[in-house]
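We did not get these values from a lab; they are worked out from the coordinates using the rules stated. Because the structure is a prediction, the values reported are computed rather than measured. All Cβ positions, even for glycine, are placed from backbone atoms using ideal geometry, and neighbour counts span all protein chains on display.
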Ligand code: PEP
């Protein structure tokens, strides 16, 4: 088994004002400041990022955004660029989250352009993939998820691909309290790694593949015991600083 560092990323979604984010950062840091054996990421709303930069700079906590444009700059009302995220001290960006695919019409093609742009700018993309319940029940989940991975990464050089993080998030498990079994998570994360190997050979062994979908402090350890599950993308359970810190300690 490859020796991969674990990654725990919180996705706040559309929660927290600047003040709330600052209060969170103080409490959270107090609890996780000595955690060095895994990577901790907070993916905050755009408006909170710059404030968090001041709170978290030179700490063990890395900053991420939840979306980004494929364009450098220009007449793209409502969009945000890679350079703007870098300026706010982001090193990660979630791309292709199922909420963006489902509610805001993001296509595999747009996500592929965003992944390329993030890598070009020096940001680490957290590429989200995952099937809905009807696809899973039809027995087509593995094929669909492998297709999403392939479409997002097509044509990217193996060197650039070595900086990608993938998050497997079955849509039926997001925000529902219904976690995938650790065996189902393992099966899909291994299938994703198999697809990565088509593009990058054995370097796929180095790519962190996360599971997301109702991860909590009391199920993280079991998920991480699976050989291809390298961490988690955490929505609801990342919103309370002490609760998220507990989850991280259970993962470390
Ligand atoms: C997510 O949206 O990335 C997520 C995994 O949400 P939750 O943990 O709330 O299911």
Using alpha carbon centroids, what distance separates the stretch 204-242 and the stretch 77-141, in Å? 18
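Using mean Cβ contacts within 10 Å as the protection proxy, how do 51-60, 239-248, 4-13 order, highest first?
Top of the packing list down: 4-13, 239-248, 51-60.
What length, rounded to one decimal in nm, is gained on full extension from residue 160 through to residue 205, with 0.36 nm per residue of separation minus their alpha-carbon distance?
Values: separation 45, 0.36 × 45 = 16.20 nm, distance 1.45 nm.
Taking 0.36 nm per residue and subtracting the Cα distance, the gain is 14.7 nm.
Run through the DSSP bridge list for the chain and note the antiparallel percent, rounded to the nearest 5. Write out the running numbers ahead of the final one.
Details: 0 of 30 bridges.
Percent antiparallel among DSSP bridges in the chain is about 0.
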Could you calculate, for the stretch 48-183, the ratio of the Cα radius of gyration to the Kirkwood radius, expressed as Rg to Rh? 0.99
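Taking the chain, how much of its Cα-Cα pair set, in percent, is spaced more than 28 angstrom apart?
Working: 8413 of 31626 pairs.
Summing the P(r) of the chain above 28 Å gives 27 percent of all pairs.
Per DSSP H run of at least 4 residues, take -39500 (n - 2.57); add these up for the chain, divide by its residues and hand me the 222 nm value, nearest 500 deg cm²/dmol. Spell out each step's value before the answer.
Details: 11 runs with 109 residues, N = 252.
Value at 222 nm, helices only, nearest 500: -12500 deg cm²/dmol.
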